[in-house]
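The next block holds one structure in the form of structure tokens; read it before the comments.
The values are calculated or read from the model by the stated rules, or taken from the named source; none is laboratory data. Everything numeric in this text was worked out from a predicted model, so none of it was measured. Here the Cβ positions follow ideal geometry from the backbone for every residue, glycine too, while neighbour counts run over all protein chains shown. Heavy atoms of the whole protein, side chains included, go into the accessibility calculation; ligands, DNA and RNA do not. Shrake-Rupley method; radii C 1.70, N 1.55, O 1.52, S 1.80 Å.
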Amino acid sequence: VQLVESGGGLVQAGGSLRLSCAASGRTFTSYGMGWFRQAPGKEREFVASISWSGAKIYYADSVKGRFTISRDNAKDTVYLQMNSLKPEDTAVYYCAVDRMAFNRANFQPGSWGQGTQVTVST
């Protein structure tokens, strides 16, 4: 599977960005999708995930109420709407596809995209 992220950039604190991740090479509707991020000098961390059906959505506590994950199965694309951005949201954001199709357990990242930089200025 190939994952291509887009939508990153530079934004002022309090602003918004929408990240997109286009998937190809696998039946998109069979797999959960997730977003992770990695700030300089830190480990990659979970941000949000959405199940293959769209029925189960999870967020990290740090982004809950500010970020929204969604998917458009007709476009094989998953989105991350980021509002009320803070400087601590600055990181490279990665899209990931679940390791297993129709996974009913916790999201397990399999393949990754190349990442897109998000920078939030004060």
Next item on the list: Kindly provide the set of residues from the stretch 1-19 that are modelled with pLDDT of 95 or more and touching a Lys or Arg at 6+ places or on another chain (Cβ under 9 Å), ordered by number.
Entry: GLY7, ALA13, GLY14
Margin query: Against the conditions (1) of a type in the set (A, V, I, L, M); (2) under 15 Å from the mean Cα position of the chain (by Cα); (3) closer than 20 Å to ASN103 by Cα, where does VAL63 fall short? Just the number, please.
Written below: (3)
Item checked: Which listed residue, of SER51, SER70, SER121, is in contact with a strand residue (DSSP E or B) (Cβ under 6 Å, 6 or more places away or on another chain), over 25 Å from LEU10 (Cα atoms) and hydroxyl-bearing (Ser, Thr, Tyr) -> SER51
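In the stretch 34-47, how many residues are touching a Leu at 6+ places or on another chain (Cβ under 9 Å) and over 15 Å from THR116 (Cβ atoms)?
The number of residues fulfilling the criteria is 0.
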Checklist line | Leading residue by the ranking (least open to solvent (accessible area, probe 1.4 Å)) among those in the stretch 63-95 that are touching a Ser or Thr at 6+ places or on another chain (Cβ under 7 Å) and in a loop (DSSP other than H, G, I, E, B) | finding: LEU85
Notebook entry, point to check: For the subset of the stretch 31-56 comprising residues that are farther than 13 Å from ARG99 by Cα and of a type in the set (Phe, Trp, Tyr), which member is surrounded by the most Cβ atoms within 10 Å (Cβ to Cβ)?
Noted result: TRP35
Check: Pick from the stretch 13-62 the residues that are β-branched (Val, Ile, Thr) and part of a strand (DSSP E or B): which of them is nearest to THR122 (Cα to Cα)?
Finding: VAL47
Check: Out of curiosity, is ALA60 more than 13 Å from SER20 (Cα to Cα), of a type in the set (A, V, I, L, M) and either at pLDDT 95 or above or open to solvent by less than 50 Å² (accessible area, probe 1.4 Å) (or both)?
Finding: yes
Check: Looking at the stretch 46-75, which of its residues are among the β-branched types (Val, Ile, Thr) and in contact (Cβ under 8 Å) with a residue 40 or more places away in the chain?
Finding: VAL47
Next item on the list: State all residues of the stretch 96-117 that are surrounded by fewer than 22 Cβ atoms within 10 Å (Cβ to Cβ), among the hydrophobic types (A, V, I, L, M, F, W, C) and either within 19 Å of SER24 (Cα to Cα) or touching a residue at least 12 places away in the same chain (Cβ under 8 Å) (or both); if no residue qualifies, say none.
Entry: MET100, ALA101, PHE102, TRP112
